[in-house]
Structure formats: structure tokens, C-alpha cells
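The values are calculated or read from the model by the stated rules, or taken from the named source; none is laboratory data. Not measured: the values here are computed from a predicted model. All Cβ positions, even for glycine, are placed from backbone atoms using ideal geometry, and neighbour counts span all protein chains on display.
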Amino acid sequence: MKYERMIMEAESPDLIGPEKFLYNLAESSVRDRTLGELGIEFGNLSLPYGNHYGSPELRALIADQSGSNIATDDVLVTAGAAGALFIISSSLLEPGDHMVVGFPNYATNYETPNAIGARVEEHVQTFEAGFSIDVDKLESQITDETRFVSLTCPHNPTGVMFSRQELDRLVDIVERKGCWLVVDETYREMAYGDPLPVAASLSDRVISVCSLSKTYGVPGIRIGWLVTRDKELMENFISAKEQIGITGSVLDETAAYQTLRQRDRLLPQIQQEIGEGFEIVSDWVSNEAMLEWVQPDAGVTCCVRVPGVSDAQMQRFYEIIKNRYKTALGPGYWFKLPDNYMRIGFGWTRPDDTRKGLQCISKALRDCFVN
């Protein structure tokens, strides 16, 4: 049997060593917070197995912040959003099952279904169409054999959002078709305007996935969650979680609770930082003639492309940006995109370092493509 390796972010500073880079524009979150900054205290915390569904206090807080239609028992705490996506795919899919996934996307949304042996049909979101979804086309892709549709909003890697009208249409479609809609909402609170509602609050046919990692700058505590109002489905999900790790870490869940209960204090500062980063990258793109982009609606990443260049030329660019300029970014292959696409993060680094990293990208482009 031929083994096809899953996508690995081989250039990630977290994998090969952050000390090898001067500027890290590969991250897709805001800057990392510290325990002291967040005032997190563990005291004499006991270290037993935790609640299999997750800390009741944390789940109640998540439910309270998710809308009036969501109850504590509708929330399952997971090992990050990636853990939630794995649980959903491994619970709902068997070999040969059909699903539709927005593309490009975060790899777990399609790699896990592929590994299971599902028939994964891509709903392609193109640069030319502003990486938007085509609701009519998506509806035509759903068959009687479709188990679920998987979309990310705000979108990774582009930061593009679909509208509330489009979300309502998607909910109506899955209710009529009898399948599920999975919405990865990891970047939901990073919208530049009003965020969409938690999608699972709109229908029993919708599953929402979220995480503390990106918006709150605490990826090290590995806390995410899924939300579903379907009780039978929740039983399937908790069964899958128990097979993976029984429970989550009580340390992580304690830190998550203490972070999330400060939401009203933290979010204004975080949104200000996001706005500053967006202003920096927007100004840079508008003055960088060698790149084009689709302007994001949310988050701290954007997807840009270098038009009219070959893969071989781009491979030279990636070598120069890494080795000569010591700058990290997300190459297109992380999302199964051509090499002339790249994801650039503008929220993890301090503003001055963001500017310097972007300047390094401009220098590397000219090293490669200007005689």
C-alpha cells in the first residue's frame, strides 16, 4: 500500500527552532501571553482526571458567551480546535463516505477525512472570486451520501468571511439535505466588524468549532471546543474523545477558564493590536507592486500571491527569505496552494518587527525577480 504523507509545516519556527529567525510572520495568532500578564494562578490545584466533557465551569462560560441557544451540555472541551476537528471526522466518517470541504483550508479539515478513507470533495474558493464561497455551487455538491460540509469562517489562510445571509442559507441547505454543517470558527472574535453568531446556535444541524489559541494568544494551553445541540451526536463525540485522551488537562482547563472570564477586558486590547497589524500590512501591500492580495475581513493573516512566476523561481524565493533574511512565513503548500501563494501573519510580532519582516519579503522578491 502506498503511503502518502500528510502535509507538514516543515518551515514552521516552532518545528525547526525560533532562534533561526529574526522575524516570524508564519504565526496565525496574536502575540503570546504570559501567566503573569493574565494573572493565572494554580494555587494548590489538585491534579486528578478531569471531567470527561471538560471543566463544567469552563463549559458554562463558553456556553454563556456563545448565545442564548447554547447550554453547558452543548459544549465539549477538546485539545485545541484541531482536536475538535479530529473528533468530528472520526465520529461522522467511515471509509467511502462523502463530504464537502472548503478549499484552501487548514489541513486537519481534509487530511483527517482523507486518512479515514472518505471521499473528500473540495469546494474551491478562488483568488479571483475573493476566496468567497459559492452557495449555489456548494448546494449542488451535496448528495444523498454527503455526511457533512466543512467550512472555515473567518477563512484560514485568507481572513475572508461569508455573510450572515450566506450563513443562513447554508443552515437552510443542510437542514433540507439532512447532512451536517461544520463551521471552524477559530478566528470568529477577530472580525474587524461585528462577528457572526456562533453557527451552532442557529440549528441542531450545525457543529461549531473554536479555540482560545488564536484570539487570546494562549496556544500553549491547548484548549478548544466543539458545540452541538444534538444530544446523540454529543454522545458520539465524547466517546471519541475518551478514546483519544480520556480527559483534558486540568491545568490547561484552569488556565483557560481564568483567561476566558477576562474576555471583556482582554478583547478591546487584542482588537487594537489586530487593527495596528492590519494597518501595517495593508499599507505594505498597497505599496508593493510585486504582490496582490484579497483583503481580509478578520484575523491576523492574509494570503498574497506573486503573479506570473514559476514554482522554481518561488523555491529560490523561499530559500532566500529563510536563509538570507531569516524571515518565516507560510508557503502556499501548507494549504495545497501553488508556490506563488503565501500566508503572512501580522499579529504575533511587535509592530516594528512586522514592518521589518515585510521589508525583508520585499527585498527577497527583488533578489529573485528583478534583474
Residues of region 66-94 being hydrophobic (A, V, I, L, M, F, W, C) and part of a loop (DSSP other than H, G, I, E, B), in sequence order, are 70, 71, 79, 93
Here the qualifying pairs (Cβ atoms under 7 Å; residues six or more apart or on different chains; first in region 95-116 and outside any helix (DSSP H, G or I); second modelled with pLDDT under 95 and of a type in the set (Ser, Thr, Tyr)) come out as 101/110
Matching residues in region 154-164 (part of a helix (DSSP H, G or I) and either among the polar types (S, T, N, Q) or within 11 Å of residue 102 (Cβ to Cβ) (or both)) number 0
Residue check: is residue 235 under 20 Å from residue 57 (Cα atoms), within 22 Å of the chain's Cα centre (by Cα) and at pLDDT 95 or above?
no
Selection from region 290-332 of residues among the small types (Gly, Ala, Ser), part of a loop (DSSP other than H, G, I, E, B) and in contact with a His (Cβ under 9 Å, 6 or more places away or on another chain) yields 299
The condition of being assigned to a helix (DSSP H, G or I) and crowded, with 18+ Cβ neighbours inside 10 Å holds, among 181, 151, 196, 167, only for 167
Taking region 321-332 and keeping only residues that are under 19 Å from residue 27 (Cα atoms) and either touching a residue at least 12 places away in the same chain (Cβ under 8 Å) or in contact with an Asp or Glu (Cβ under 6 Å, 6 or more places away or on another chain) (or both), one is left with 321, 322, 325, 326, 327, 328, 329, 330, 331, 332
Among 94, 57, 122, the single one that is at pLDDT 95 or above, within 20 Å of the chain's Cα centre (by Cα) and of a type in the set (Asp, Glu) is 122
Taking region 347-371 and the residues there that are surrounded by 15 or more Cβ atoms within 10 Å (Cβ to Cβ) and over 19 Å from residue 20 (Cα atoms), the one that is modelled with the lowest pLDDT would be 369
Of the residues in region 333-353, those that are assigned to a helix (DSSP H, G or I) and out of contact with any helix residue (DSSP H, G or I) (no Cβ under 7 Å at 6 or more places or on another chain) come to 333, 334, 335, 352, 353
Of (1) at pLDDT below 95; (2) surrounded by 21 or more Cβ atoms within 10 Å (Cβ to Cβ); (3) over 18 Å from residue 180 (Cβ atoms), residue 77 satisfies every one except (1)
Practice prompt. Taking residue 356 as the residue in question, decide whether it is in a helix (DSSP H, G or I), in contact (Cβ under 8 Å) with a residue 60 or more places away in the chain, within 27 Å of residue 103 (Cα to Cα) and outside the structural domain of residue 124 (by TED's automatic domain parsing).
Written response: no
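Condition check ((1) assigned by TED's automatic domain parsing to the domain that holds residue 160; (2) surrounded by 17 or more Cβ atoms within 10 Å (Cβ to Cβ); (3) without any contact (Cβ under 8 Å) to a residue 24 or more places away in the chain; (4) assigned to a helix (DSSP H, G or I)) across all residues:
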residue: 240; (1), (2), (3), (4): yes, yes, no, yes
residue: 268; (1), (2), (3), (4): no, no, yes, yes
residue: 272; (1), (2), (3), (4): no, no, yes, yes
residue: 277; (1), (2), (3), (4): no, yes, no, yes
residue: 283; (1), (2), (3), (4): no, no, yes, yes
For this session: State yes or no: is residue 83 modelled with pLDDT of 95 or more and either at positive phi or touching a Pro at 6+ places or on another chain (Cβ under 9 Å) (or both)?
Result: no
Checked region 49-65 for anything touching a helix residue (DSSP H, G or I) at 6+ places or on another chain (Cβ under 7 Å), part of a loop (DSSP other than H, G, I, E, B) and surrounded by fewer than 23 Cβ atoms within 10 Å (Cβ to Cβ); matches are 50, 52, 53, 55, 65
Practice item. Could you tell me whether residue 41 is out of contact with any helix residue (DSSP H, G or I) (no Cβ under 7 Å at 6 or more places or on another chain), in a strand (DSSP E or B) and touching a residue at least 12 places away in the same chain (Cβ under 8 Å)? Key: no
Requested in this report: Looking only at region 216-236, decide whether some residue is among the β-branched types (Val, Ile, Thr), buried (at least 23 other Cβ atoms within 10 Å of the Cβ), closer than 15 Å to residue 299 by Cβ and touching a helix residue (DSSP H, G or I) at 6+ places or on another chain (Cβ under 6 Å).
Outcome: no
